[in-house]
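The values are calculated or read from the model by the stated rules, or taken from the named source; none is laboratory data. Quick caveat: nothing in here was measured; it's all calculated off a predicted structure. In this analysis, Cβ positions are derived from the backbone assuming ideal geometry, glycine residues included, and neighbour counts consider all displayed protein chains.
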């Protein structure tokens, strides 16, 4: 059974989204209400206290991580095999997942107050820090 994966820290709430979140975003098909309710209830929370969202993404059997920092207006792309032939596909996947996230964050369910500004995640600054790289043959 999956447990709730939202954590509260000194920095604020952190959402650890399930792998299915990116899969849903990349399918670009209608999602069942039940599936989205399950993800919202078990992996997300209110935006006012949100600091970071961790989104694992898989493109062609390769996993990488995107971290969205609401308070800093920053998207960080972490990939141990960054410089590959699939780079363009990975960038497109990130764009699609971020767009999907931005759209679902328009839902009033995520806010304690109607006056809370909805984050425009697609406008956040994008960064790719240097991380150790794995061998392309591994």
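Would you tally the residues in the stretch 108-138 being touching a strand residue (DSSP E or B) at 6+ places or on another chain (Cβ under 8 Å), surrounded by 10 or more Cβ atoms within 10 Å (Cβ to Cβ) and assigned to a loop (DSSP other than H, G, I, E, B)? Lay out the reasoning, then the answer.
At the first step, the residues of the stretch 108-138 found to be touching a strand residue (DSSP E or B) at 6+ places or on another chain (Cβ under 8 Å) are 121, 124-129, 131.
Subset that is surrounded by 10 or more Cβ atoms within 10 Å (Cβ to Cβ): 121, 124-128, 131.
Subset that is assigned to a loop (DSSP other than H, G, I, E, B): 124, 128, 131.
So the count comes out to 3.
Of the numbered conditions (1) closer than 20 Å to residue 130 by Cα; (2) in contact (Cβ under 8 Å) with a residue 24 or more places away in the chain, residue 26 fails exactly one; give the number of that condition.
(1)
Please state which one of 103, 13 is on the phi < 0 side of the Ramachandran plot, free of Cβ contacts under 8 Å to residues at least 40 places away in the same chain, crowded, with 17+ Cβ neighbours inside 10 Å and out of contact with any helix residue (DSSP H, G or I) (no Cβ under 9 Å at 6 or more places or on another chain).
On the way: 103 fails: crowded, with 17+ Cβ neighbours inside 10 Å.
The match here is 13.
Checking residue 80 against (1) surrounded by fewer than 19 Cβ atoms within 10 Å (Cβ to Cβ); (2) modelled with pLDDT of 95 or more, which single condition isn't satisfied?
(2)
When the residues of the stretch 1-28 are filtered to those that are over 14 Å from residue 42 (Cα atoms) and not in a loop (DSSP other than H, G, I, E, B), which remaining residue is modelled with the lowest pLDDT?
Residues of the stretch 1-28 that are over 14 Å from residue 42 (Cα atoms), as a first pass: 9-12, 22-28.
Subsequent filtering for residues that are not in a loop (DSSP other than H, G, I, E, B) retains 9, 12, 22-27.
Working: 9: 53, 12: 79, 22: 95, 23: 93, 24: 93, 25: 94, 26: 94, 27: 89.
The qualifying residue modelled with the lowest pLDDT is 9.
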